[in-house]
Amino acid sequence: MKIAVIGLGLIGGSIARALKNKTEHTVLGWNRTEQTLCKAKLIGAIDEPLTDETLGECDAVFIALYPKLTIDWLAAHAPLLKKGAMVIDTCGVKQAVCPPCFALAEQYGFDFLGGHPMAGVEHAGFDSSSAEMFQRASMILVPPTGMAIETVARAKALALELGFASVTITDAAEHDRMIAYTSQMAHVVSSAYVQSPCSLRHRGFSAGSYRDMTRVACLQEEMWTELFLDNSETLSDELGALIGRLEQFRQAIARKDAPALQEMLRAGRIRKEEADGKVL
């Protein structure tokens with residue numbers, strides 16, 4: 001197949017590298033900056049830069065841009081896409097992205113599925129991308145209602161070619177609900193946690209717990225602001241519930257209420273064990 005990758009940052013660069021490293025597909029790339037595009041061609045992460053003419057030859061397109069840019073790019077280029085081409089985005093939110101993209105796909109005769117690679121590292125950009133980024137990771141796919149099962153199967157097969165260990169099929173609302181909890185809230189908490197004055201003098205006092213809590217505070221604030229606000233209702237609900245639980249801990253600690261504190265810690269341990277499948 002001939003596959004286009006739109007945006008050669010961390011995720012798009014990793015998709016391009018994985019396609020070139022693991023498959024026989026031809027990879028065409030587009031990026032906002034010419035320097036990154038040239039570097040991708042030089043190291044063999046893409047075969048050629050994408051043009052409007054070659055876009056119409058592509059059997060599949062991965063869009064690895066921010067949510068609003070994803071919609072804008074697809075709206076501008078939808079008339080150029082091949083009929084029946086498969087388009088998959090990589091945004092971290094789906095209710096803001098999928099409906100307008102589903103509508104464009106129906107209007108212009110291509111297939112669009114929401115996509116979200118559950119993989120990444122702390123640092124952004126093409127230089128941090130890797131052909132092995134998706135090993136042992138999950139790919140989430142959000143097809144429109146009524147999409148042919150054969151089309152979904154093709155998208156799943158392409159994800160597995162990239163190295164994903166599993167593919168989860170869901171709808172946009174469930175995706176955003178779960179991602180608010182598993183990803184977005186973790187980034188908010190990490191950012192708030194590391195802003196303590198103690199973080200400036202942690203060396204010699206910190207180990208794995210500190211590293212785990214602060215790892216995702218290294219983020220692109222422009223992108224994450226957009227993601228948070230695109231999922232604001234669900235994320236604010238999750239944060240409100242967390243703040244309530246933290247307040248219970250604070251009160252028990254302030255009162256030196258050992259029984260209450262032990263019970264809350266026990267409840268957390270049991271929930272973690274249940275989530276990991278260790279408790280029947």
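The values are calculated or read from the model by the stated rules, or taken from the named source; none is laboratory data. Values in this document were obtained by computation on a predicted structure and should not be read as measured data. Neighbour counts run over all protein chains shown; Cβ positions are idealised from the backbone, glycine included. Accessible surface is based on the protein model in full, side chains and every heavy atom, while ligands, DNA and RNA are left aside. Shrake-Rupley method; radii C 1.70, N 1.55, O 1.52, S 1.80 Å.
Tabulated values for the structure
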quantity	calculated
Label point distance in nm, Lys83-Phe249, each placed 7 Å from Cα along Cα→Cβ	5.8
Net length gained if the chain between Tyr193 and Leu69 were fully extended (0.36 nm per residue, minus Cα distance)	41.6 nm
Computed over region 1-99, Kirkwood Rh from alpha-carbon pairs, angstrom	13.4
Using alpha-carbon coordinates, inclination of helix 98-108 to the longest axis of the chain, degrees	10
DSSP bridge orientation in the chain - percent antiparallel, rounded to nearest 5	20
Among Cys98, Cys198, Cys218, residue whose mean-square fluctuation peaks in a GNM of the chain (springs only between Cα atoms under 10 Å)	Cys198
Residue of Gly12, Gly29, Gly146 that the Gaussian network model of the chain assigns the largest fluctuation, springs spanning Cα pairs under 10 Å	Gly146
Rounded percent of accessible protein surface that carbon and sulfur make up, region 121-280, 1.4 Å probe	56
For region 157-249, Kirkwood radius (reciprocal of mean inverse C-alpha pair distance, Å)	15.5
The chain, accessible area per residue, ligands and nucleic acids excluded (1.4 Å, Å²)	54
Which listed pairs, of Lys39/Lys94; Lys39/Lys83; Lys22/Lys272; Lys68/Lys272; Lys68/Lys156; Lys20/Lys156, have C-alpha distances above 29 Å, in listed order	Lys39/Lys94; Lys39/Lys83; Lys22/Lys272; Lys68/Lys272
Acute angle (nearest 10 degrees) that the helix 185-194 long axis makes with the longest principal axis of the chain, alpha-carbon atoms	60
Rounded percent of accessible protein surface that carbon and sulfur make up, region 61-109, 1.4 Å probe	62
Residues of type aspartates and glutamates that Lys256 reaches as a straight line, Cα spacing below 16 Å, ignoring anything fewer than 8 places off in the same chain	Glu247
